[in-house]
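Derivation of every value follows stated rules applied to the coordinates shown; laboratory data play no part. All of these numbers come straight from a predicted model, not from anything done at the bench. All Cβ positions, glycine included, derive from the backbone under ideal geometry; neighbour counts span all protein chains shown.
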Amino acid sequence: MISKCLFPVAGYGTRFLPATKAMPKEMMPIVNKPLIQYGVQEAMDAGMRQIAFVTGRSKRAIEDHFDRTYELEEQISGTKAEENLLEIRQLMQSCTFSYTRQVQMKGLGDAIRTGETLIGDQPFGVILADDLCIGEGKPVLSQMVEIFAKYQCSIVAVEEVPREETEKYGIISGKQLEEGLFIVESMIEKPPAHESPSNHAIIGRYILTPDIFDNLRNLPPGRNGEIQITDALNVQAKKKMVIGYQFKGRRFDCGSLEGFVAATNYFFTQMKPDPPINR
Ligand code: G1P
């Protein structure tokens with residue numbers, strides 16, 4: 001039903017310098033898989049097999065990751081090491097990948113607007129790969145696809161955060177529609193705690209209807225002088241309907257060192273219930 005998923009991946013990842021000096025932050029591995037691969041897997045699981053990247057200079061490693069690596073693959077062909085490529089090969093067989101570049105870093109809203117050329121006139125998913133999500137029962141984007149099937153409007157995933165952290169997120173306020181679903185009345189980008197209308201923070205999963213592109217085009221710069229997707233969604237919420245969905249599962253903020261390490265520990269434990277340390 002929704003076939004495309006957009007990945008804004010042009011950002012610099014300054015919090016991880018010097019690791020991200022010459023390497024895209026999305027290629028940082030959580031155990032043995034780059035962050036971006038977890039996101040693409042989630043999109044594919046939600047039925048979105050047309051993967052669209054809004055990329056930038058020095059991000060070529062992402063394109064290479066979703067392509068054949070002839071020399072290496074020939075070298076390890078028939079060996080045990082080949083098993084490590086099973087998942088990425090499955091993604092490559094199931095999905096198509098397209099790319100466009102964001103020329104200037106003018107905010108998440110600008111990145112998404114840049115992606116219009118790859119998305120066209122249809123509803124689409126957005127994954128911010130920094131937010132690594134473990135869905136309960138099913139992946140978070142798949143949960144959101146089910147809600148979209150019912151309400152046919154833009155949806156943002158939300159999570160309750162401590163009050164003192166509201167200024168790191170877009171924050172929604174709204175009326176409860178059903179359990180875990182809110183009709184958004186307003187949303188505001190990164191408000192300080194004392195100005196925040198709630199502690200329901202938007203995390204990096206969105207389903208957007210294509211009229212968002214018109215809203216983005218007509219938008220003045222917002223918080224930090226950037227074009228904010230939150231502001232464009234606010235316009236949509238006023239004109240029609242936007243839903244905030246309190247997703248079932250857990251999120252790791254892999255844009256922060258703490259979240260990155262927590263995710264690494266989590267996935268390592270999942271992989272090897274009894275990890276052989278120093279063997
Ligand atoms: C972006 C959005 C923000 C959202 C966050 C989720 O901010 O602008 O509304 O809460 O992603 O991760 P960023 O983290 O890119 O500053």
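Here are a few things to note about the model shown:
- Exclusive hit being out of contact with any helix residue (DSSP H, G or I) (no Cβ under 8 Å at 6 or more places or on another chain) and surrounded by 22 or more Cβ atoms within 10 Å (Cβ to Cβ), set Q93, Q122, Q152, Q143: Q143
- Residues of the stretch 45-84 that are buried (at least 18 other Cβ atoms within 10 Å of the Cβ) and in contact with a Cys (Cβ under 6 Å, 6 or more places away or on another chain): M48, I51.
- The set of residues in the stretch 102-119 being among the polar types (S, T, N, Q) and buried (at least 20 other Cβ atoms within 10 Å of the Cβ) consists of Q102, T114.
- The residues in the stretch 107-143 that are among the acidic types (D, E) and part of a helix (DSSP H, G or I) can be counted, and the count is 2.
Yes/no per residue for (1) crowded, with 16+ Cβ neighbours inside 10 Å; (2) of a type in the set (A, V, I, L, M, F, W, C); (3) away from the ligand (no atom under 12 Å from the Cβ):
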site	(1), (2), (3)
Y206	yes, no, no
I212	yes, yes, yes
N218	no, no, yes
I229	yes, yes, no
G244	yes, no, no
F247	yes, yes, yes
F252	yes, yes, no
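- Restricting the first member to the stretch 55-71 and to residues that are within 14 Å of V40 (Cβ to Cβ), and the second to residues that are surrounded by fewer than 20 Cβ atoms within 10 Å (Cβ to Cβ) and polar (S, T, N, Q), the beta-carbon pairs closer than 8 Å and six or more apart or on different chains are T55/T100.
- Inter-residue pairs, beta-carbon under 6 Å, first free of Cβ contacts under 8 Å to residues at least 40 places away in the same chain and in the stretch 153-171, second of a type in the set (K, R) and part of a loop (DSSP other than H, G, I, E, B), 6+ apart: E167/K190
- Scanning the stretch 155-166 for residues that are touching a helix residue (DSSP H, G or I) at 6+ places or on another chain (Cβ under 7 Å), more than 10 Å from the ligand (Cβ to nearest atom) and not in a strand (DSSP E or B) returns R163, E164.
- Residue that is nearest to the chain's Cα centre (by Cα) [pool: residues in the stretch 1-27 that are of a type in the set (V, I, T) and away from the ligand (no atom under 13 Å from the Cβ)]: I2
- Number of the exception - Q104 against (1) assigned to a loop (DSSP other than H, G, I, E, B); (2) within 16 Å of the ligand (Cβ to nearest atom); (3) in contact (Cβ under 8 Å) with a residue 24 or more places away in the chain: (3)
- Every residue from the stretch 58-81 that is under 30 Å from G13 (Cα atoms), small (G, A, S) and not in a helix (DSSP H, G or I): S58
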